[in-house]
């Protein structure tokens, strides 16, 4: 048993959503110990949150810079830090840690601006520390299996990708912490639904298909009066090699909670997977009945076995998928794994390009915008 | 009991698919007697098919024009005719009957060219005979219920429409009668999947939402080498009043048989319905659990009761939905119903405009094309 | 084209349910002409119903006996008769026709008493006319395919059968024609839910598995105060050869419309099929992913092709399944088919034995009762 | 932040299944620290397993008795112990800890014999330490919500319970550690499927319905040649007050992984929930459309909010449900919660009675056996 990795956290205070998710994800496999944090931009809240989490008082920081400086000097300072703030803080926070050799696990989208995203790439290329972006849906075992099936040619030449991520929580005007920063362009970036969930859908399409996106045409909308960012987006995609796709993301689609769903069709078969019931995937070899492939069920390849914890039929969910990112990140940090399937800063840059292209395409009445 | 309507048929010979469907649809409720036919463009096949169907030899015609001329003179000649030929024949055949006062029930799409479609409108406007286009999916009871729910404001202001119709039967090169004319632009028209199934999806979106489409942007493809018409199409839609939509149709999506599915979202709720299991519809009032509304189940409005024949849980299907078009057509012909929900020549024109716009938009790299 | 079979009907007047179903089933394939009827035990209603159906006045009879006598003498009298009355009338009505050589298509359960059922068997054995019992669920194409798969050994040795048929329409006290006779032991027989729907479930289990039932143990209930027959039944089954089963039928299970569902498990695989979405069947070869077999889809055996009318993905339903019984009955009557898969009077006897055994077993606190 | 509870573990060595589950469940919410263990009955394996888990060498014990004695004396000895051995060890192991005031969290079924189960009750009644049985399915938030709905009268008077737990992993003869002890009556008890999974189904039925079981009639089988315990069981249940149930458990039903499913019907409504997709529950108020209630979705009562960690649509699964047992156990141990919904030793006794009654009833040809 290797000792747990000493983990710090930036953001994720008491009323945050995604910080708690990261903490559970880090805890599930016992690979991390949370030992320090700058948990809020409000010092009072940062301290209260640290206390609630049982952090030592002297390792509960008022701001991430102080934390980076001091932890880097400590003999048992954090080895890695999870950055779970609003988007516009990601880059500045990551810089403080990466330049001090502390590994960074960062929530998505990478940044709120394309300029920051490009700087982020340069930053990570200069650092010896590792950088992992939590496009957590790539951690689901069946998503990995799907990616391997595509790579193995089971679907033949990929032709069509249909991906969508509808939600409904912003159907009406909402006032709470989550809604506020996620609909504020100065914190979330120019994209609303495109940044918050569209990037996930886009990333998943690229991840499973293994295809490089070429260009997109978008029609984005803000249906709720007064909303400053998009809350619904229709996007057509072109991939290098000729495959085509459609992407829909929405936060105003009543009846949808987190309806991330992907379908990929090739010359030899098709697959379908949906996040809300992630333990089953439909696989349709052309001309044969559809197969229901289950997580950890008949036909699970050995290559994904390390990402499941329970037998088939005992459902795993969002937290386990998220934990898989942390699990592989731990291996990468320790040098026991290559992290080959982990989302990178380049995926992050591509995601920010996606948002930027959606906004620009829509402003130009759907003109095709290069993603290169 | 009113006597059955005397029905003729043009097309629908022995190896046709849709002709047999029309005949069953006409038969289910006992409202029609098939008494005459010009069942094939090949006289031999026309006669053999007439004999197989038990038609009298002297009412089995070699061509539709002879049929129209003679039946119009007979005392007990056909009162209505079903036209179930390939698309390019619809207009010429319909003209022969409409100008002689014989009602026409015609398969979709209306025509293979926009020019013909416009002439078709003029033709029907000059005729006293009725014209019904078999956009049969509008005959499903839950589709009617959905349309009424939208009209009643149950979904609030409509914002987003997602409609799709994937199939897989043309995933590879296919040689049979069905595939051949449907992929031959001289017979089917410039659209392949757009004409054959995209028009159904488009019509359904308009029918349920009650919205007038304004313009579209399309990216259409022919994935199978050598195919002369599109076999996959990605379309973004704008409706008057601000609602937006996406439409996907495909004949190269392995695992899909007839996956027509529609989702409509408004400011107050959403609905979802899929043709392959048409006896249930999900209705999600915003902020409340989703309801599963069943055909002929709890909450069926009296206005659709005449379109169901079995109690809830005894599934009705494609043929019954199709039969509902024939049932209401019979009432329209007899003057006992107003046919207010029946698809018209204007729906047909709009469908042909849809195909035309998809082809033109795609040729212009996705430029938005008016549908007006 | 052979001419349609001249069909009469006993029962099925204006306010009946199953009579209309039989008429549509007879009509769908154009194999029958309804030409005579004794449509109600009330002469006035019989006449009004005949008129509404367009029957000739002189072939609308006040009672089935007059009908049998006169039709047997007519040159173009009925060749077959559909008996769709309450259960207690089946035997007497059928006798009048069978003894005059008129084929009988009869609704289930065969009779309201075991004594009648035994006499029924003797009656049909003496008659040259054909007798068909409308256990209509056996007409679904996927049910046939399932039966063939079991017979071919695809499931290995059958071990376990789980079959159920829940409804909810009798959850509260109901007063309408349907409810009244079906809960009146003098008309429906000693069984309530067991007779009305349990017999269907039981028949389906035997039909698909090909197994002979040996004995049963039952616990039946009448939950609604004042109800004279069972409205819920729990039954354990033993089959010759060692397979075991459970059967549940209920008319007091809120949320269930016609939830007939069957699962069969053997040493090599399992299958599952449900009537409410009858166009798909799950097939699970042991150790492999589950397959979704669709009606008229990939892998449909030629032997069931005559029982489907639409391509895969264009759903067929209850009426088409019912029509398949009529279709094969027509072939049997004409001598062009052997009716090998049609439900017989022996199936009917077994069904009545099933009801009788449920009632007796339950009265004896679940004692195992032989079905032999 | 209260400090984590110091936890020990008995059983759960390297090749065990359920031990790893308990460890994750204990870890997810950060409420426990695993600090000691007697992880295997083989001392070598116990030590290797302890090392693999990062336990201190001096707190890795060769047997549970040594562990209990020493830990009870340590100042920072374990406060609670998880017992995850084969069934026949539960009682003896628990005794060592309970009598020393160490709380016990024990896997189910309670014991392998009824005699042990009765002694277990006496043991816990004498101890001040807490005892929690991990009937983990009761930890699913929607299961709690279902229980509350029944208690609130949403379903009216309960009439019918249908519960089942099919698996397929023992369809053929299997030789591995899991299969071996679970099919060995000396270790698992007289019941095979009845003990391993039937007890879960039975417990769930009682838990949600709030009903006291009265008696049962069973027909159990061992389909696989040579198997010493049941691998399939059919059970009819009677509850005090008149409700009736059926229970099916099987380990030889191909296509089923962990198909625990329950349906409960009352005079006013019905509910359905299945473990394999545990984030949704169908609720059917009689006479209204079925509602799909989602975990953490619209209509979640505040009383279950502490049992969910992610928003609706981000699925939670088996491990989170299991963790809820540990979470509430922690509160019970600390005195901050009353553990009112936690499974108790009495539930355990009832489960063992269930197994015993199944075996005895089946031996007596389905005689009704009291569960009192």
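The values are calculated or read from the model by the stated rules, or taken from the named source; none is laboratory data. As the structure is a prediction and not an experimental result, all values here were calculated from the model. No Cβ is skipped: glycine too gets one built from the backbone with ideal geometry, and neighbour counts run over all protein chains shown.
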Residue B:327 is checked against (1) surrounded by 24 or more Cβ atoms within 10 Å (Cβ to Cβ); (2) in contact (Cβ under 8 Å) with a residue 40 or more places away in the chain; (3) within 14 Å of chain C (Cβ to nearest Cβ) and fails just one. What number does that condition carry? (1)
Confirm whether residue B:278 is assigned by TED's automatic domain parsing to the domain that holds residue B:155, within 18 Å of residue C:314 (Cα to Cα), surrounded by 24 or more Cβ atoms within 10 Å (Cβ to Cβ) and over 21 Å from the mean Cα position of the chain (by Cα). no
Which listed residue, of D:221, D:228, is free of Cβ contacts under 8 Å to residues at least 24 places away in the same chain and either within 20 Å of residue D:112 (Cα to Cα) or crowded, with 24+ Cβ neighbours inside 10 Å (or both): D:221
So, in the range D:1-17, how many residues would count as being within 10 Å of chain A (Cβ to nearest Cβ) and out of contact with any strand residue (DSSP E or B) (no Cβ under 6 Å at 6 or more places or on another chain)? 4
Search the range D:259-303 for residues being more than 22 Å from residue A:167 (Cβ to Cβ) and modelled with pLDDT under 95, and hand back the single one that is nearest to the other protein chains (Cβ to nearest Cβ). D:301
Filter pass, residue B:287 being assigned to a loop (DSSP other than H, G, I, E, B), free of Cβ contacts under 8 Å to residues at least 12 places away in the same chain, over 21 Å from the mean Cα position of the chain (by Cα) and over 26 Å from residue B:313 (Cα atoms): yes
What about residue C:255, is it closer than 30 Å to residue D:172 by Cα and modelled with pLDDT of 95 or more? no
Out of D:196, D:230, D:219, sole residue that is at negative phi and either at pLDDT below 95 or within 14 Å of chain A (Cβ to nearest Cβ) (or both): D:196
Quick one: in the range C:3-16, which of the residues that are touching a helix residue (DSSP H, G or I) at 6+ places or on another chain (Cβ under 6 Å) and surrounded by fewer than 18 Cβ atoms within 10 Å (Cβ to Cβ) is farthest from residue C:52 (Cα to Cα)? C:15
Search result, residues across the range D:29-63 that are within 10 Å of another protein chain (Cβ to nearest Cβ) and out of contact with any strand residue (DSSP E or B) (no Cβ under 8 Å at 6 or more places or on another chain): D:29, D:30, D:52, D:54
Any residue in the range A:304-320 that is more than 7 Å from every other protein chain (Cβ to nearest Cβ) sitting within a Cβ distance under 6 Å of a residue that is at pLDDT below 95 and surrounded by fewer than 24 Cβ atoms within 10 Å (Cβ to Cβ)? List the pairs, counting only those 6 or more apart or interchain. none
So which of D:68, D:20, D:26 ends up being out of contact with any strand residue (DSSP E or B) (no Cβ under 6 Å at 6 or more places or on another chain), within 13 Å of chain A (Cβ to nearest Cβ) and either within 24 Å of residue D:4 (Cα to Cα) or assigned to a loop (DSSP other than H, G, I, E, B) (or both)? D:20
Across (1) free of Cβ contacts under 8 Å to residues at least 60 places away in the same chain; (2) in contact with a strand residue (DSSP E or B) (Cβ under 8 Å, 6 or more places away or on another chain), residue A:337 clears everything bar (2)
Scope the range A:340-372; condition touching a residue at least 12 places away in the same chain (Cβ under 8 Å), in a loop (DSSP other than H, G, I, E, B) and on the phi < 0 side of the Ramachandran plot; matching residues: A:341, A:342, A:343, A:344, A:367, A:368, A:371, A:372
When residues of the range A:357-372 are limited to those that are in contact with a helix residue (DSSP H, G or I) (Cβ under 6 Å, 6 or more places away or on another chain) and farther than 16 Å from residue A:222 by Cα, the one nearest to the other protein chains (Cβ to nearest Cβ): A:367
Only unsatisfied item for residue C:44, checking (1) crowded, with 22+ Cβ neighbours inside 10 Å; (2) assigned to a helix (DSSP H, G or I), is (1)
Look at residue D:208 and say whether it is outside any loop (DSSP other than H, G, I, E, B), under 15 Å from the mean Cα position of the chain (by Cα) and within 13 Å of another protein chain (Cβ to nearest Cβ). no
From the list D:156, D:54, D:77, D:101, pick out the single residue that is surrounded by fewer than 22 Cβ atoms within 10 Å (Cβ to Cβ) and modelled with pLDDT under 95. D:54
Kindly list, by first and then second residue, each pair from a residue in the range A:140-166 that is closer than 15 Å to residue A:263 by Cβ and within 13 Å of chain B (Cβ to nearest Cβ) to a residue that is at pLDDT below 95 and part of a strand (DSSP E or B), limited to pairs with Cβ atoms under 7 Å and residues at least 6 apart or on different chains. none
Among (1) within 30 Å of residue C:311 (Cβ to Cβ); (2) crowded, with 24+ Cβ neighbours inside 10 Å - the single one residue C:147 does not satisfy: (2)
Identify the single condition in (1) over 21 Å from residue C:156 (Cα atoms); (2) touching a residue at least 40 places away in the same chain (Cβ under 8 Å); (3) facing another protein chain (nearest Cβ under 7 Å) that residue C:251 does not satisfy, given that it satisfies every other one. (3)
